[in-house]
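J.: Quick one: the structure is below, and I'll ask about it shortly.
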Amino acid sequence: MGPSLARRARLPGTAVRSAAVSAATSPETPPETSLVPPDDAVAPVRHPEAPAPGTPLGAHYDHCFGCGQALPHGLHLQAHAGEGVSVTAEFTVKPQHQGAPGLAHGGVLTSALDETLGSLNWLMHSIAVTGRLETDFLLPVPVDTVLHLDARCTAVHGRKIYSDAVGRIGGPKGPIAVRAKAVFIEVKVEHFIDNGRKEEIEAAMEDPDQVRRARAFEVNP
Ligand SMILES: CCCCCCCCCCCCCC(=O)SCCNC(=O)CCNC(=O)[C@H](O)C(C)(C)COP(=O)(O)OP(=O)(O)OC[C@H]1O[C@@H](n2cnc3c(N)ncnc32)[C@H](O)[C@@H]1OP(=O)(O)O
């Protein structure tokens, strides 16, 4: 085996330079975002009409890579409401989710965490998108493994929703294989209408259940 990267001689002209540090920000250099809620963040509140603990949450969109049933290669993740603002979910790693031979791809595992964390927002009747998501990969996850996910919202600050999740293997009480922290940002339905590709938006708008569910969350804060 060749030398590790750390021990390899540096090639001419490839010296690493630090980026200039500047206090100024612009769209190209947005301010650093934090996964730690500020001191004046508040506890999350479960919506009175949130589904009872144990209720399957279903898919928020049939073509969602995480929870939809319409995509053959999607995760088909099934989430259930938990106590407070928490959810549990299961995701079975399929051959189409491999990175290394026989092992789940890290990005796919992060998607499963993202989807589970995102479903927490439905318990608060809030529509939100992922702003920041940080994943730790602690154990390799083989194909055919069931990943048992457990997520909870920890704090809310304005439109920012802070949450964390773990994914266990070998059973719901097995060792933690992956864990994540996230900040979701609350948005209006217009976020999707204004930014999504026209054909999918039009199809979604023709689905009365899809629109009713999204709009109901906005008028029933
Ligand atoms: C037809 C209907 C269909 C409905 C379907 C529902 C589907 C649900 C889908 C779920 C799918 C599953 C999930 C997915 O996969 S969602 C897909 C992945 N995520 C995205 O595509 C989001 C892309 N980003 C954006 O659109 C914008 O940047 C957003 C909307 C996020 C903010 O831009 P906006 O201009 O609106 O907000 P603002 O700049 O005034 O900031 C407001 C506050 O937020 C803070 N902040 C901002 N960014 C970040 C960040 N990155 N980390 C931490 N914090 C951040 C910011 O500091 C400020 O804080 P403060 O200063 O107030 O303290």
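The values are calculated or read from the model by the stated rules, or taken from the named source; none is laboratory data. Owing to the predicted nature of the structure, the values given are computational and were not obtained by experimental measurement. Here the Cβ is made from the backbone with ideal geometry for all residues, glycine too, and neighbour counts use every protein chain on show.
J.: For the range 34-43, state whether one or more residues are part of a loop (DSSP other than H, G, I, E, B), at pLDDT 95 or above and in contact with a Pro (Cβ under 9 Å, 6 or more places away or on another chain).
T.: No - not one qualifying residue is present in the range 34-43.
J.: Another question, if that's okay. Within the range 121-134, how many residues turn out to be surrounded by fewer than 20 Cβ atoms within 10 Å (Cβ to Cβ) and either hydrophobic (A, V, I, L, M, F, W, C) or more than 9 Å from the ligand (Cβ to nearest atom) (or both)? Full working, then the answer.
T.: Here is the first cut: in the range 121-134, the residues surrounded by fewer than 20 Cβ atoms within 10 Å (Cβ to Cβ) are 125, 129-134.
Then drop every residue that is not either hydrophobic (A, V, I, L, M, F, W, C) or more than 9 Å from the ligand (Cβ to nearest atom) (or both), which leaves 125, 129, 133-134.
Count: 4.
J.: Given ASP114, ASP209, which one is at pLDDT below 95, within 13 Å of the ligand (Cβ to nearest atom) and within 25 Å of HIS47 (Cβ to Cβ)?
T.: Numbers: ASP114 fails: at pLDDT below 95.
Step by step, each of ASP114, ASP209 is checked, and only ASP209 is at pLDDT below 95, within 13 Å of the ligand (Cβ to nearest atom) and within 25 Å of HIS47 (Cβ to Cβ).
J.: Moving on to the next point. Show the residue pairs meeting these rules: Cβ distance below 8 Å; 6+ apart or different chains; first residue within the range 32-46 and more than 10 Å from the ligand (Cβ to nearest atom); second residue in a loop (DSSP other than H, G, I, E, B).
T.: PRO44/GLY84; PRO44/VAL85; PRO44/MET124; VAL45/VAL85; VAL45/MET124; ARG46/GLY84; ARG46/VAL85; ARG46/MET124
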